[in-house]
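Asker: Dropping a structure here in structure tokens format, bear with me for questions.
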Amino acid sequence: MGQVILDKVSMKFGDFTAVDNVSLEIESGEFFSFLGPSGCGKTTILRIISGFNRPTSGTVYISGSSMEGIGPNKRPTALIFQNLALFPLMSVADNIAFGLEVKNIGRNDRRKKADELLELIALTGYGDKNINELSGGQKQRVAIARALAVEPQVLLLDEPLSALDLKLRQHMRSELRDIQKKTGVTFIYITHDQGEAMTMSDRVAVMSAGKIEQTGTPEEIYNHPSTPFTASFVGENNLFRGRVISASDGMSVIDTPCGRFTGVNTDGHKQGDEAAIFIRPERMTVADSTEENGQNIFSSTVSRMEFEGSFVNLFLKKACADREISVNMMNSGETGRFRQGQQIRIAFSPEHSRVMKADGKIS
Amino acid sequence: MRSSKNILNIFLTGYMVLFFLYLFTPLMFMTAAAFNSSSFPTFVPWQGATLSWFETLFKDRILWGSVLNSVIIGAGVIALAVPTGLAGAMLLTSRGIRGRGFLYALMVSPILTPGVILGISTLIFWDNIGVPGGIFLTIIGQTAYISSFCMLMFMARLQRFDRTLEEAAMDLGATHKQVFRKITLPFLRPAIYSAVLIAFLQSFENYNTTLFVIGAETTMTIRIASMVRLGITPEINALAVLFILFTILAAVLYEARRRDEARRAEAAKEAEERESDTVQNLRLDMQTD
Amino acid sequence: MKDMLLRYGRFITAYILISCTVWIVGLVIVPQLMMVDYSLWYRDETAVQKRLEKMNVLEDRLLMIDSDIAAEKYLDHPDQAKIDSLDAEYESLSAEISKMEASETSAVKKYGMKNYMTLFSNTLHRSVFLKSIWSSVVITLLAFAICYPVACYLAFSVKKQTAALLFLGLVIPYWVNEILRTFAWLIILSYKGVLNTLLMKAGFISQPIDFLNGNVGVLAGMAYAYVLFMVFPMYNTLSTLDKNQIEAARDLGASWIRIHRRIIIPYAKPGIAVGSIMTFMLAAGTYAVPAILGGTSGIWFTQIIYSWFFDGGNWNQGSAYAFILLLLCVVFIAFMMRLFRVKMEDMAK
Ligand SMILES: Nc1ncnc2c1ncn2[C@@H]1O[C@H](COP(=O)(O)OP(=O)(O)OP(=O)(O)O)[C@@H](O)[C@H]1O
Ligand SMILES: [Mg+2]
């Protein structure tokens, strides 16, 4: 049984539903991320787990017991706030030991624990400094140490890296992962940055408009997206809209303005449904020969090219698709042969293409 | 264009000089008269310098008794109005309060109500329960409006408060009371000091409300007013001199503190700049790692 | 409410609610309602008279019974039945009298607008009331005229440092007691005071002028006492005005008057509104300044109220006048808020 269980949890603010019937299980010791665009309800879920918001309906279980009616100060969770919320009037050590102070643990024990944690976050000797004397990354680590000091079973982190600059962010990613490994605490991590979610997590839940779209390992999410939202939100994806003309054997054939394509039927749609087929830019190749080999083939015109060093992006006129189509290929030394306005043929394989029902708008 | 602006500035500066003269000349006359041996408080004609009026002042038992009353009332008002004002501010800065605008208007209305009205209504109310005018009633009457002043000060501070600090503390296991004692109150400390100071000054100053509820007792302000109306002697001037000296002293102290704070803010800013250097260094460290 | 419970917990929330309720209901609303109640009833003098007469009749009868009983007892063969019946009558009468005594106030309490009518029928009171209103308006306008350049100067013409120092200079006279500030003007304006002495020395007048018997002294003293309540709010709002706006307008060739009319004054509205309300309220509600500087003819409405309470002993009448003063201030506040289109929330200093 999972350590944190959300059972049909919903949260309404007036008429607005911020979290919509979310059910999910998070295992002990897992690094679990919620990934979603701004305003999709990530913070609200975290606040429900930590007890600051009471869900309108549904129940949260932690380590097997229902959290209903249990306040944030009595839950075995610790939350790292989006803005860190370090206490500005206390020293670094006092911040870290605050959770012990309120449990009336003696000064010496507190100091010892603070020193231990300072060592863990590589800030030994910083205990007597003022919070304002720390840099952004140091504050970040102090916030983590403060949360770990109460020895929580679950650590909740709300976009903890968003205030840092790029370099520091990347540095902190590995540091966070290390801390999680060392302590073995379950991490529930919130981010709208897919790079973070993908590199750090054991599992990721993709969220949109209060709902969970898909849960899985980073590979599953990236390679086998199961909803149009996941497909287009995580990584780059090309898409062709059309109508399903046959659906069998787990594969579907879809008629699009660019041609008739075959792909994996991801959601069990039926013949005649409005659908879209998704294919990653790096899964497309330029087809030299005229033979098809069961591949999906279409032709288009090069509208522009981006040279990025190790690889090259080709952009094709969107004549037959909703959006511009991009093709991403390794720089093999002969990409120079493409010209703007050149007519080319593109091939992609059905097993990498994913067909799913899409009657609405796809973000 | 330029010259017209200059003329304007000269005009404005002249105006300011006149304005300050207007403010301070009466106070200077009052001060000068305290040292004139004339038994009427004036400095023309000058009848020789004397400190005897200060002596009279220090020997004035009734006056010092009334000062003591004022201090007692001030302490009582602080004890009631500061916590009440804090409660009001906490109420109004909470989310999801229905009719906040109306409540706010209600809670600042005592400031906008003439003091005599507060005095009269307090007098009538307590007279009905059989409590006559006196020190207690004065404390009650003044608290009604001084609480509003305190509330405004606390609100200004609370609006700058980062609520996630409270949540963080609670998340770490603190009870509501611990959060209040260890996080909210320390943040409010400067506002508490100024609220105490303002509450005391307002109470000490008050005349209009006190007049109706003081009963047979007397406060310093009431005493001065009756001295002024029935037979003025330069003793009052001597008192005024003490007042002015005290005020100037307080003003100087305040200014010194303000400058000190400004300097500290400057230092903090420099530290921040240094911090961004540190981040720079950290980044270099990482790159060399 | 739910938010407060989550944030502060049961104990502190209960404290907040109780404390605010006691304050607003117990110290402000109920006493003022009681004042209004007082203003609406009066002692019905004819009823008082009637009641007194009736009580006199009863008491006379009581004396008679008393002597009758005594006479009966004096007889050799007193008629016990007669004594008993007289005794019974005596008992019931004295009970009635003590009941009437106990209900003394309520019996003659009569609700009506009589106390308010007094203000219209008494020409002296009416004229003092009107004079208090217009004088307060004049003082408010005067204070605005005096303070506007000062606030502008502090906000725009000097550096922040200098402004802070000058500001302190303003605070000093403000901290000196209101009574003492007024007293300073008494020294200047009194019959043997500074101004008269100087004017006579200079030969402008041969007889001292009695400044203190009339409105001149009151107006001068009040303007002085309350001028600063106009400066502070105005400076507070003006100091947050972005000076670039003024520069931009000047670059566009806006005239000096136009800049004030189109940019500065509209921006300063909340400050002007607060300053005006405070000044008007203080002026209309002052007791000390006219009492000290007004002599016998510079009497103020508040002084009439005071004398209803402590000289006339008619609290009902005084309450009616006090309520009229309160209404006046409410009307003035509403008027200023409409005129300047500001809300209560904008006015917090
Ligand atoms: N207390 C509240 N009252 C009303 N609406 C709220 C409240 N808290 C959050 N919301 C709404 O719920 C939605 C989800 O908010 P939430 O903070 O969970 O988003 P988020 O996914 O964390 O976004 P971000 O990435 O910007 O932090 C938002 O539209 C927000 O406006
Ligand atoms: Mg968020």
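Asker: Name, by its number, the condition in (1) modelled with pLDDT under 95; (2) in contact with a helix residue (DSSP H, G or I) (Cβ under 9 Å, 6 or more places away or on another chain); (3) within 14 Å of chain C (Cβ to nearest Cβ) that does not hold for B:ASP60.
Answerer: Here B:ASP60 clears every test but (3).
Asker: Go through region A:9-46 and give me each residue that's of a type in the set (A, V, I, L, M, F, W, C) and either open to solvent by 10 Å² or more (accessible area, probe 1.4 Å) or within 9 Å of ligand 1 (Cβ to nearest atom) (or both).
Answerer: A:MET11, A:PHE13, A:PHE16, A:ALA18, A:VAL19, A:LEU24, A:PHE34, A:CYS40, A:ILE45, A:LEU46
Asker: Listed residues C:ALA334, C:ALA284; which is facing chain B (nearest Cβ under 10 Å) and modelled with pLDDT of 85 or more?
Answerer: Only one candidate passes the filter, namely C:ALA284.
Asker: Out of (1) surrounded by 19 or more Cβ atoms within 10 Å (Cβ to Cβ); (2) in contact with a Pro (Cβ under 8 Å, 6 or more places away or on another chain), what's the single condition that is false for A:GLU236?
Answerer: Going through (1) surrounded by 19 or more Cβ atoms within 10 Å (Cβ to Cβ); (2) in contact with a Pro (Cβ under 8 Å, 6 or more places away or on another chain) one by one, A:GLU236 breaks only (1).
Asker: Exactly one of (1) hydroxyl-bearing (Ser, Thr, Tyr); (2) within 26 Å of the chain's Cα centre (by Cα); (3) open to solvent by 60 Å² or more (accessible area, probe 1.4 Å) is unmet by B:SER66. Its number?
Answerer: The one condition B:SER66 does not meet is (3).
Asker: Specify which of the listed residues (A:ALA143, A:ALA114) is on the phi < 0 side of the Ramachandran plot and in contact (Cβ under 8 Å) with a residue 60 or more places away in the chain.
Answerer: Matching residue, one of A:ALA143, A:ALA114: A:ALA143.
Asker: Taking B:MET28 as the residue in question, decide whether it is within 13 Å of chain C (Cβ to nearest Cβ) and open to solvent by 60 Å² or more (accessible area, probe 1.4 Å).
Answerer: yes
Asker: Looking at region C:147-156 only, could you name the residues that are more than 7 Å from chain B (Cβ to nearest Cβ), open to solvent by less than 40 Å² (accessible area, probe 1.4 Å) and more than 30 Å from the chain's Cα centre (by Cα)?
Answerer: C:CYS152, C:LEU154, C:ALA155
Asker: On to the next question. Report, ordered by the first and then the second residue, all pairs with beta carbons closer than 7 Å, sequence separation of six or more or different chains, a first member in region A:42-53 that is farther than 17 Å from A:ALA197 by Cα, and a second member that is more than 10 Å from ligand 1 (Cβ to nearest atom) and part of a helix (DSSP H, G or I).
Answerer: Every condition considered, the pairs that remain are A:SER50/A:PRO72; A:SER50/B:ASP171; A:GLY51/A:PRO72; A:PHE52/A:PRO72; A:PHE52/B:GLU167.
Asker: Still on this structure, I have one more. Quick check on my filter: what residues within region C:195-233 are acidic (Asp, Glu) and open to solvent by less than 10 Å² (accessible area, probe 1.4 Å)?
Answerer: Listed by number, the list is empty, since nothing qualifies.
Asker: May I pose another question? Enumerate the pairs (first residue in region B:9-27 and on the phi < 0 side of the Ramachandran plot; second residue anywhere and at pLDDT below 90 and outside any helix (DSSP H, G or I)) with beta-carbon separation below 7 Å, excluding pairs fewer than 6 apart on the same chain, so at least 6 apart or on different chains.
Answerer: B:LEU27/C:VAL176
Asker: To continue, here is another question. Could you list, in sequence order, the residues of region B:110-127 that are open to solvent by 30 Å² or more (accessible area, probe 1.4 Å) and either at the interface with chain C (Cβ under 7 Å from one of its Cβ atoms) or not in a helix (DSSP H, G or I) (or both)?
Answerer: B:PHE125, the sole residue that qualifies.
Asker: Still on this structure, I have one more. If I filter region A:47-81 down to residues being within 11 Å of chain B (Cβ to nearest Cβ) and of a type in the set (Lys, Arg), which single residue comes out as least open to solvent (accessible area, probe 1.4 Å)?
Answerer: Ranking the qualifying residues of region A:47-81, first place goes to A:ARG75.
Asker: Given the structure, is B:ALA199 on the phi < 0 side of the Ramachandran plot and away from chain C (no Cβ under 11 Å)?
Answerer: Yes, satisfied.
Asker: Taking region B:32-57 as the region of interest, how many residues are touching a residue at least 24 places away in the same chain (Cβ under 8 Å) and closer than 19 Å to C:THR182 by Cα?
Answerer: Here the count works out to 4.
Asker: May I pose another question? For C:LEU328, all conditions in the list (1) at pLDDT 90 or above; (2) more than 11 Å from chain B (Cβ to nearest Cβ) hold save one; what is the number of the exception?
Answerer: (2)
Residues are listed down the side, and each one gets a yes or a no for (1) facing chain C (nearest Cβ under 8 Å); (2) closer than 22 Å to C:GLY169 by Cα; (3) open to solvent by less than 10 Å² (accessible area, probe 1.4 Å):
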residue: B:GLN159; (1), (2), (3): no, no, no
residue: B:LEU185; (1), (2), (3): no, no, no
residue: B:ILE214; (1), (2), (3): no, no, yes
residue: B:LEU242; (1), (2), (3): no, yes, no
residue: B:ALA262; (1), (2), (3): no, yes, no
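Asker: Also, quick follow-up: Please state which one of C:GLY295, C:GLY312 is assigned to a loop (DSSP other than H, G, I, E, B), open to solvent by 10 Å² or more (accessible area, probe 1.4 Å) and without any contact (Cβ under 8 Å) to a residue 60 or more places away in the chain.
Answerer: Result: C:GLY312 is the single residue among C:GLY295, C:GLY312 that is assigned to a loop (DSSP other than H, G, I, E, B), open to solvent by 10 Å² or more (accessible area, probe 1.4 Å) and without any contact (Cβ under 8 Å) to a residue 60 or more places away in the chain.
Asker: Pick out the one residue from A:SER57, A:SER66, A:SER135 that is free of Cβ contacts under 8 Å to residues at least 12 places away in the same chain and under 30 Å from A:LYS211 (Cβ atoms).
Answerer: A:SER66 is the lone residue from the list that is free of Cβ contacts under 8 Å to residues at least 12 places away in the same chain and under 30 Å from A:LYS211 (Cβ atoms).
Asker: Has region A:249-261 got at least one residue that is open to solvent by 20 Å² or more (accessible area, probe 1.4 Å) and of a type in the set (S, T, N, Q)?
Answerer: No, there is no match, as no residue in region A:249-261 is open to solvent by 20 Å² or more (accessible area, probe 1.4 Å) and of a type in the set (S, T, N, Q).
Asker: Moving on. Which numbered condition in (1) within 16 Å of ligand 2 (Cβ to nearest atom); (2) in contact with a Leu (Cβ under 8 Å, 6 or more places away or on another chain) is the only one that A:GLN82 fails?
Answerer: Failed condition: (2).
The values are calculated or read from the model by the stated rules, or taken from the named source; none is laboratory data. A quick note: this is a predicted structure, and the numbers were derived from the prediction, not measured. Cβ sites come from the backbone with ideal geometry, for glycine too, and all protein chains shown count toward neighbours. With ligands, DNA and RNA removed, areas are computed over all heavy atoms of the protein, side chains included. Shrake-Rupley method; radii C 1.70, N 1.55, O 1.52, S 1.80 Å.
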